[in-house]
Amino acid sequence: MKEEKIQSILILLGSFFMVGFCLLPFIYMLVTSFSSSPDYLSSKVSFGFTFNNYRSVLGTDSLHFMQYLRNSLLISAISAFFCVFIASLGAYSITRLNLPHKMGFLFFILAISMFPQVCLISYLFKLMTSLGWINTYFALILPYIAWILPLCLWILASYFAQIPAELDKAALIDGCTPWQVLYKIILPVSRPGIFSTALLAFIFAFNEFLFSLILTSDHNARTIPVGIALFQGLHGEIPWGNIMAASIIAVIPILLIIIMFQKNIIQGLTRGAVKG
């Protein structure tokens, strides 16, 4: 009994340590966003509570913060939708159709996705310039789809593989075509996995920095990670209070989505990881 208590205490302490370790940067960011002195940790500066940083971020037109946020939400949502749509078709083909070298194709897609972004950005910039797409949504949506698609394909292929093939056979016997099997049987059953994949794709696109930095030139298409990073150039110094306030606001949409749909996310990811 004594060993069980010690084990429980150690697990509890370890859990608190991990939670504190993960939340510490966010807490520091939150406190700094409400501080009137970003260097309040210095022994000569006292902490002063203020909402001025949030007022500045939301009320200063030259920062274009709300435009950056809208761009990020739209580009990420469109990219996630097309990634899941294409990955669903690919995963269905790999798991249900009798195609040669299916696993080789999957590993080929995985190998391509391992190329770092910086190796491709110069060629991508030339391509987007020749198409006249620099500083447009298309310049970001297409690279985001290509960048995130391998992840979506692997997750959905793993999830679709756990759905019993007997459902397909029963639907085909009832007169369904392969397309009807996909959108009447496979997709409804796979809804948790599809939702989890879409959310991950959205987060990946929302947090992307390099493509947005190189392929956009102003607030018309620039996303929020680059917009926040360029606050320094707008002010001539590093406005840590404004940067932290903008970062807190940018985190809120993702945080709300995760809190609202955490059960679906866990169910979607865990079911595709085990057989049952």
Top-ranked residue of segment 119-174 - restricted to ones that are β-branched (Val, Ile, Thr) and in a helix (DSSP H, G or I), ranked as surrounded by the fewest Cβ atoms within 10 Å (Cβ to Cβ): Ile173
Set Phe81, Phe34, Phe21: member being over 29 Å from Leu213 (Cα atoms) and within 27 Å of the chain's Cα centre (by Cα): Phe21
Phe202 more than 29 Å from Ser36 (Cβ to Cβ), assigned to a helix (DSSP H, G or I), of a type in the set (Phe, Trp, Tyr) and touching a Ser or Thr at 6+ places or on another chain (Cβ under 8 Å): yes
Pairs where the first residue, in segment 1-27, is part of a helix (DSSP H, G or I) and the second is surrounded by 10 or more Cβ atoms within 10 Å (Cβ to Cβ), C-beta under 8 Å, 6+ apart: Phe26/Val251
Any pair with Cβ under 7 angstrom, 6 or more apart, that starts in segment 153-174 at a residue that is in contact (Cβ under 8 Å) with a residue 60 or more places away in the chain and ends at one that is surrounded by fewer than 18 Cβ atoms within 10 Å (Cβ to Cβ) and basic (Lys, Arg): Gln162/Lys275; Asp168/Arg96
Tabulated pairs, segment 51-64, first under 14 Å from Met244 (Cβ atoms), second part of a helix (DSSP H, G or I) and of a type in the set (Ser, Thr, Tyr), C-beta under 6 angstrom, 6+ apart or interchain: Asn53/Ser33
Answer residue from segment 161-178, given it is within 29 Å of the chain's Cα centre (by Cα) and of a type outside the set (S, T, N, Q) and is nearest to Leu151 (Cα to Cα) among those: Ala161
Conditions (1) free of Cβ contacts under 8 Å to residues at least 60 places away in the same chain; (2) among the aromatic types (Phe, Trp, Tyr); (3) exposed (fewer than 15 other Cβ atoms within 10 Å of the Cβ); (4) in contact with a helix residue (DSSP H, G or I) (Cβ under 9 Å, 6 or more places away or on another chain); number of the one not met by Phe105: (3)
Evaluation of Trp154 against (1) out of contact with any Leu (no Cβ under 6 Å at 6 or more places or on another chain); (2) within 15 Å of Glu208 (Cβ to Cβ) (one fails), failing number: (2)
Single match in Leu58, Leu73, Leu69, Leu110 (criterion: closer than 29 Å to Thr216 by Cβ, modelled with pLDDT under 85, of a type in the set (A, V, I, L, M) and part of a helix (DSSP H, G or I)): Leu110
The listed residue being surrounded by 15 or more Cβ atoms within 10 Å (Cβ to Cβ), farther than 30 Å from Leu151 by Cα and at pLDDT 85 or above, out of Ser88, Ser93, Ser79, Ser33: Ser33
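Let's see how each residue does on (1) in contact with a strand residue (DSSP E or B) (Cβ under 7 Å, 6 or more places away or on another chain); (2) buried (at least 18 other Cβ atoms within 10 Å of the Cβ); (3) over 15 Å from Ala77 (Cβ atoms):
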| position | (1), (2), (3) |
| --- | --- |
| Asn220 | no, no, yes |
| Ile238 | no, no, yes |
| Ile243 | no, yes, yes |
| Leu256 | no, no, no |
Residue in segment 236-257 that is modelled with pLDDT under 90, over 15 Å from Ser62 (Cα atoms) and in a loop (DSSP other than H, G, I, E, B) present: yes
Residues satisfying the stated conditions in segment 88-143, i.e. under 30 Å from Leu172 (Cα atoms) and charged (D, E, K, R): Arg96, Lys102
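The values are calculated or read from the model by the stated rules, or taken from the named source; none is laboratory data. Given the structure is predicted, the values throughout are model-derived calculations rather than measurements. Because the Cβ atoms are built from the backbone with ideal geometry, glycine has one as well, and the counts that use them run over all protein chains shown.
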